[in-house]
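A quick write-up on the structure given underneath.
The numbers here are math on the coordinates, done by the rules we state, and not lab data. This one's a predicted model, so the numbers in the text were calculated from it and none came from an experiment. Cβ placement follows ideal geometry from the backbone for every residue including glycine, while neighbour counts extend to all protein chains displayed.
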Amino acid sequence: TPGRHSYAKYNNWEKIVAWTEKMMDKHPEMVSRIKIGSTVENNPLYVLKIGKKNEKRKAIFMDCGIHAREWVSPAFCQWFVYQATKTYGRNKIMTKLLDRMNFYILPVFNVDGYIWSWTKNRMWRKNRSKNQNSKCIGTDLNRNFNASWNSISDTKNPCAENYRGSAPESEKETKAVTDFIRSHLNEIKVYITFHSYSQMLLFPYGYTSKLPPNHDVLAKVAKIGTDVLSTRYETRYTYGPIKSTIYPTSGSSLDWAYDLGIKYTFAFELRDKGKYGFLLPESQIKPTCRETMLAVKFIAKYILKHTS
Amino acid sequence: IAPVRFDREKVFRVKPQDEKQADIIKDLAKTNELDFWYPSATHHVAANMTVDFRVSEKESQAIQSALDQNNMHYEILIHDLQEEIEKQFDVKED
């Protein structure tokens, strides 16, 4: 038995898998689990679908844990599923959202890396795939997407923490996610990815200074989203395009999803601003999730109203 | 493989004031094993940017000396990473 799952604590992969089963059993009308692929180490990649079964509606795709050591990110995905199922029928906004749209939640994107960060190296970032002609292990999955993949030369080194992989979508995890999103493109209106740390809400682009055509709308949504987030504990987030707000990136999931046609794509960099970095204490998981929830619900509500 | 330990490893925060200071950090990364927490890699380091990186206990003294010698502003965010890893589990089981 994997032990007790807790929303107030970091949960290892075994606990998360058991939790996905529990959520399905507890909420069979609302939660279903889709296996979208498997990892190099043959671990399953699960997406939880929250919403009415067998109905095609607008959907939001969210992923957590693309970088192994960013533990607060999977904690948020679990929290979101918990809150969605718990408050449906009780909370007006959540009820409205779930009556009209679906959520696809990938609680841990980089499963092998996450397991490695629990068992061998807390500071691990990449996945665990072997690289040809190198002793160094792993690819940075957030540099492996087909979004100007070849444009930053410093991601060529397999020993670098931000190694982009041998080709776009060379990694099984990336391919599973891109295949899933492509096959649900008619439904998915929003893509949100969760990272840590630095307290930011980012949108395209990372690979160019060019602004996306709906930049003004994205900036407006991000501004209100961060304002709403701050109402709970006064946590201040900055927002803006990836390149000018954080740093230039190529091959990111956010830019890829946007260029694929999902016109609302956001990346959260959750708490904190450096005091703990990747080692955010468990006592801050709940407040972090509570405030983030406000922003995510705002984004969902906005999209429900403004997309066809 | 035994789990990696991070005893007395440090996380530095440096804010290079100009390109020359940014280059000093980049040079230090060539000769030391720096794990960049923010930004994610050396090549993103630029003037006036907050830079956080992790360094082993063994190399931390040399890094500190180099920063001092070049009159660079820095703070040590984490003095003992292993301690901080253990402290992150600060919620007791229900």
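Classify chain A from the C-alpha gyration tensor, please: rounded if a/c falls under 1.5, else prolate or oblate depending on whether a/b exceeds b/c.
Verdict is rounded for chain A.
Which of rounded, prolate or oblate describes the stretch A:1-44 when judged by the alpha-carbon gyration tensor and an a/c cut-off of 1.5?
oblate
Helix hunt in chain A: which complete DSSP H runs extend at least 20 Å axially by C-alpha with mean Kyte-Doolittle at least 0.0?
For chain A, where a helix must reach 20 Å along its axis and average at least 0.0, the hits are A:72-87, A:215-233, A:285-306.
In degrees from 0 to 90, rounded to the nearest 10, what is the angle of the helix B:57-69 Cα long axis to the longest principal axis of chain B?
In chain B, helix B:57-69 runs at an angle near 30 degrees to the longest axis.
If you fit an axis through the alpha-carbon atoms of helix B:19-31 and take the longest principal axis of the Cα set of chain B, what angle between them do you get, 0 to 90°, nearest 10?
50 degrees
For the stretch B:18-79, what relative contact order do you get, as a whole percent, if you take Cα pairs closer than 8 Å and at least 6 residues apart?
After rounding, I find 32 percent.
Report relative contact order for chain A in percent, whole number only (criteria: Cα-Cα under 8 Å, sequence separation at least 6).
Across chain A, relative contact order equals 20 percent.
Neighbouring Cβ atoms within 10 Å as the yardstick, rank A:Val47, A:Val228 fewest first.
Fewest-to-most ranking of A:Val47, A:Val228: A:Val228, A:Val47.
Counting only other chains, what is the mean number of Cβ atoms within 10 angstrom of the Cβ of each residue in peptide B:79-88?
That average works out to 4.
Cα-based Rg of the stretch A:146-204 per 2.2 N^0.38 Å, rounded to two decimals?
It is 1.34.
Treating only the Cβ atoms of Lys and Arg (+1) and Asp and Glu (-1) as charged, compute the dipole magnitude of the protein assembly as shown about its Cα centre; round to the nearest 20 debye.
The dipole of the protein assembly as shown has a size of about 1680 debye.
Taking θ = phi - 60°, what integer Hz values does the Karplus form 6.51 cos²θ - 1.76 cosθ + 1.60 yield along the stretch B:41-53, in sequence order, with x for Gly and Pro?
With the stated coefficients, the stretch B:41-53 comes to 7, 4, 5, 7, 5, 9, 4, 6, 9, 6, 10, 10, 9 Hz.
To make sure I understand, if each residue's beta carbon is the centre and we count other beta carbons within 10 Å, what order do A:Met24, A:Met123 fall in, fewest to most?
Fewest to most other Cβ atoms nearby, the residues stand as A:Met24, A:Met123.
Once you measure Cβ to Cβ distances between cysteines in chain A, which Cys have no partner under 4.7 Å?
A:Cys289
Assign one of three labels to the stretch A:218-308, namely rounded, prolate or oblate, based on the Cα gyration tensor with a ≥ b ≥ c the square roots of its eigenvalues; rounded applies when a/c is under 1.5, prolate when it is not and a/b is larger than b/c, and oblate otherwise.
Because a/c hits 1.5 or more and a/b fails to exceed b/c, the stretch A:218-308 counts as oblate.
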